[in-house]
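Values quoted throughout were computed directly from the atomic coordinates according to the rules given, and no laboratory measurement underlies them. Bear in mind that the values here come from a model prediction, so they are computed numbers and not experimental data. Here the Cβ positions follow ideal geometry from the backbone for every residue, glycine too, while neighbour counts run over all protein chains shown.
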Amino acid sequence: MKGMDILLKEDRVFPPPEPFRRAANIQDPGIYEAAARDRLAFWESFARQLHWFRPWSQVLDWKVPDARWFVGGETNLSFNCLDRHLGSARRTKAAILWEGEPGEERTLTYTQLHREVCRFANGLKELGLRKGDRVTLYMPMVPELAIAMLACARIGAVHSVVFGGFSAEALRDRINDSQSKLLVTADGSWRRGTVVPLKKSADEALEGTPGVEKVVVFRRIGPSTSSGQGVPMKPGRDLWWHDLVARQSDRCEAEPLDSETMLYLLYTSGTTGKPKGIVHTTGGTMTGCYATTKWIFDIKEEDIYWCTADIGWVTGHSYVVYGPLLNGATVLMYEGAPDHPAKDRFWEIIEKYRVNIFYTAPTAIRTFMKWGDDHPGKHDLSSLRLLGSVGEPINPEAWIWYHRVIGGARCPVVDTWWQTETGHIMISPLPGLTDLKPGSATRAFPGIEADVVDDQGKSAEAGYLVIRSPWPGMMRGIYGDPERYKKQYWERFPGLYFAGDGCRKDAQGYFWLLGRVDDVLKVSGHRLSTMEIESALVDHPSVAESAVIGKPHDIKENSIVAFVTLKGSVQAAAGLPDELKAHVVKKIGSLARPDEIIFTAELPKTRSGKIMRRLLRDIAEGKALGDTTTLADASVVQALKEKYGEPE
């Protein structure tokens with residue numbers, strides 16, 4: 001790929017605040033060079049901080065594209081998240097603080113969490129689950145979801161978490177592809193004050209899932225739903241969670257598992273339309289999540305840590321459950337929406353629990369910007385000492401707002417890049433060491449060999465992001481489809497992992513992610529990054545969020561169409577489209593000037609918060625819309641279709 005013809009300039013630099021730097025877990029810049037000299041020794045040093053029933057004989061066995069880490073070693077991730085802490089003061093420490101959307105509160109200490117995990121693990125054994133069996137989890141954001149994951153890991157069963165917002169059809173496809181024997185679900189969950197009927201969707205899905213033998217149902221809502229109807233239970237197949245665990249012992253020895261034992265499957269969208277079951281294994285996932293959580297989030301013993309991701313996504317696996325619990329942290333979990341009952345719910349929670357570390361998505365940050373400064377301004381956020389960003393590149397102005405309004409200009413922002421496929425964070429600042437640049441994920445984590453290459457696979461200033469050497473948490477394949485794994489990730493640049501993202505490196509070696517390579521536009525022979533045009537638009541004081549797509553053009557190949565969401569009470573005045581176009585020209589150049597500006601109250605997003613640019617392209621080109629089952633709010637698409645084509 002030819003280098004980007006235009007680059008949004010960002011020169012602001014934020015060194016670590018001196019008090020933070022002095023107390024940081026990592027203060028020695030020499031760790032980058034040391035890790036580069038001997039990557040295997042670097043990762044091995046973290047693995048040795050964890051518990052192994054049997055040591056490994058070889059750190060890495062690597063035959064492209066197949067990796068085996070800590071060969072011959074035996075461990076158990078559940079043991080390392082729980083039992084390892086019980087011989088210390090952590091046994092009485094809060095492991096999980098939970099708040100439900102209606103306001104219920106629960107606290108589970110490490111001892112209590114251990115007991116609940118053992119009970120459910122014994123329940124799984126009673127139901128006939130054994131090492132290697134697949135278990136699908138379709139649940140709300142409740143502690144029982146983490147308990148079920150840790151119970152599966154304890155006995156060597158493979159968990160496949162399906163986000164509770166997915167449809168019955170999406171659930172059915174994932175159950176069948178994974179060949180799951182057991183489904184764990186709930187009667188329902190709360191979302192913006194209404195009940196989401198999970199069991200109803202599960203029953204629809206189970207009409208076409210012959211492999212499922214049993215269904216365990218957690219009672220989240222109560223004996224009856226808000227509509228007064230009881231939850232139907234199929235005799236011989238369905239049983240209540242509370243009935244199952246009530247008869248179990250709270251002792252269950254953790255199974256010693258080979259390092260390469262499959263830990264979980266997690267399905268992610270694919271270009272073919274068929275979800276891909278990403279395979280992750282035990283020892284590598286454990287080591288990578290432990291190391292990155294410890295260093296990137298600068299975890300301290302007294303911290304209250306909140307990652308807002310749903311556990312149905314990889315961020316929830318690695319940085320709600322596994323990474324924090326491996327480090328003995330106190331994890332906050334919240335079930336509901338950020339705007340229920342009011343738009344200050346997140347800030348109310350931070351003030352209430354005195355949260356120290358807050359990790360959320362750029363989409364959420366831009367939404368908070370749109371809602372205005374008044375909502376966080378009503379709350380004491382002084383407990384915060386570190387902020388994080390995950391999910392997609394963060395626009396510089398969103399970064400600045402996050403740093404200034406939420407962090408009080410005192411909290412480093414760790415902008416993290418990684419993927420479902422990588423298992424853990426790959427590119428990120430180390431908050432006590434790294435000078436921050438808004439919009440850049442800065443440097444690769446020590447021990448990660450990231451690079452940017454051109455079409456020929458040679459290092460370049462701008463092009464494709466690749467990883468040159470293996471890392472512990474890397475995917476071990478696509479479940480049931482090894483050829484697809486090789487073709488999609490390893491054939492484009494032989495011997496290199498192809499991330500699928502565009503990227504550039506600056507003079508200091510900092511990485512600037514430009515989004516998926518599919519989101520690069522060719523306009524009049526020039527390649528333009530949609531992310532940088534979006535950043536220029538968000539830089540305008542009236543704009544909260546934007547999404548840029550290309551529309552086929554007879555002369556230019558593509559014209560630039562920008563969908564724009566305005567802040568708060570800002571109105572789409574007659575002259576605003578031209579003002580926004582001129583602002584992009586000022587920030588980037590005339591090549592990037594949008595041809596059309598479409599104002600919209602909302603952008604179509606997946607339930608994980610990512611903007612669905614594919615749907616925007618379909619709308620702009622007048623095509624029939626593709627699959628919209630993963631949308632958070634399908635009505636947004638219809639509103640845009642009706643809006644598109646109206647005069648600016």
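Footprinting exposure proxy ranking of Ile31, Ile357, Ile467, fewest other C-beta atoms within 10 angstrom first, gives Ile31, Ile467, Ile357.
Against the compact-protein benchmark of 2.2 N^0.38 Å, the Cα-based radius of gyration of the stretch 313-423 scales to 1.04.
Across the stretch 103-116, coupling constants 3J(HN,Hα) worked out from phi with the 6.51/-1.76/1.60 Karplus curve, θ = phi - 60°, read x, 5, 10, 9, 10, 10, 6, 4, 5, 5, 4, 4, 4, 5 Hz, and Gly and Pro carry x.
Restricting attention to the stretch 447-542, which GluC sites (Glu not before Pro) occupy a DSSP loop and are surrounded by at most 15 other Cβ atoms within 10 Å?
Values: sites: Glu449, Glu461, Glu483, Glu491, Glu532, Glu534; in loops: Glu449, Glu461, Glu491.
Passing sites in the stretch 447-542 are Glu461, Glu491.
Might you report the magnitude of the Cβ-based charge dipole of the chain about its Cα centre, with Lys and Arg at +1 and Asp and Glu at -1, to the nearest 20 debye? Each step should come with its number before you reach the end.
Numbers: 81 positive and 83 negative charges, 194 e Å.
It works out to roughly 920 debye.
Counted by neighbouring Cβ atoms within 10 Å, the residues His114, His553, His242 run from fewest to most as His242, His553, His114. Backbone amide hydrogens, once placed in the peptide plane, bring Val196 within less than 5 Å of Ser189, Trp190, Arg191, excluding anything fewer than 5 places away on its chain. Here the stretch 541-625 has an Rg and Dmax of 13.3, 38 Å, counting Cα atoms alone. A full extension of the chain between His51 and Arg192 corresponds to an added length of 46.6 nm, given 0.36 nm per residue minus the alpha carbon distance. Counting only Cβ charges, +1 for Lys and Arg and -1 for Asp and Glu, the dipole size of the stretch 1-97 around its Cα centre is about 340 debye.
Taking the helices alone, the chain has a mean residue ellipticity at 222 nm of -8000 deg cm²/dmol, built from -39,500 (n - 2.57) per DSSP H run of at least 4 residues and averaged over all its residues.
Our Cα-only numbers for the stretch 416-485 put the radius of gyration and Dmax at 13.9, 43 Å. Restricting attention to the chain, close to 60% of DSSP beta bridges with both partner residues there are antiparallel.
Report the rotationally averaged projected area of the stretch 487-579 based on its alpha-carbon convex hull, in square nanometres.
Result: 9.0 nm².
The string of couplings for the stretch 159-172 from the Karplus curve (6.51, -1.76, 1.60, θ = phi - 60°) is 8, 10, 7, 10, 3, x, x, 6, 6, 4, 5, 5, 5, 4 Hz, one whole number per residue in order, with x for Gly and Pro. The H on the amide N of Leu386, modeled in the peptide plane, is under 5 Å from the matching H of Phe358, each at least 5 residues off or on a different chain. Here the Kirkwood formula puts the hydrodynamic radius of the stretch 445-504 at 12.1 Å, using every distinct Cα pair. As a rough footprinting exposure proxy, the listed residues Met531, Met286 were ranked by other beta carbons within 10 Å of their own, and the order from fewest upward is Met531, Met286.
Structural size metrics of the chain, computed from C-alpha coordinates, are Rg and Dmax of 24.0, 72 Å.
Roughly how large, in nm² to one decimal, is the mean projection of the convex hull of the alpha-carbon atoms in the stretch 143-185?
In nm², the orientation-averaged hull projection of the stretch 143-185 is 3.1.
Karplus-based coupling profile of the stretch 9-15, in residue order and whole Hz: 8, 9, 10, 6, 10, 10, x, with θ = phi - 60° in 6.51 cos²θ - 1.76 cosθ + 1.60 and x standing for Gly or Pro.
Restricting things to alpha carbons, find the Rg to Rh ratio for the stretch 143-224 using the Kirkwood radius for Rh.
Numbers: Rg = 12.6 Å, Rh = 13.2 Å.
Dividing the radius of gyration by the Kirkwood radius yields 0.95.
Considering only Ala67, Gly87, Leu97, the residue lying farthest towards the positive end of the dipole of the stretch 52-99 is Gly87, judged by Cα position with unit charges set on Cβ. Shown here: the stretch 202-349, whose C-alpha atoms stretch 49, 46, 45 Å along the first, second and third principal axes, sorted largest to smallest. Scanning residues 5 or more positions from Lys214 or on other chains, those with amide H under 5 Å from its amide H are Leu183, with H placed 1.01 Å from N in the peptide plane.
Could you list the trypsin sites (Lys or Arg not before Pro) in the stretch 29-119 that lie in coil according to DSSP, counting only those with at most 15 other Cβ atoms within 10 Å of their Cβ? Sparse-neighbourhood loop trypsin sites (Lys or Arg not before Pro): Arg48.
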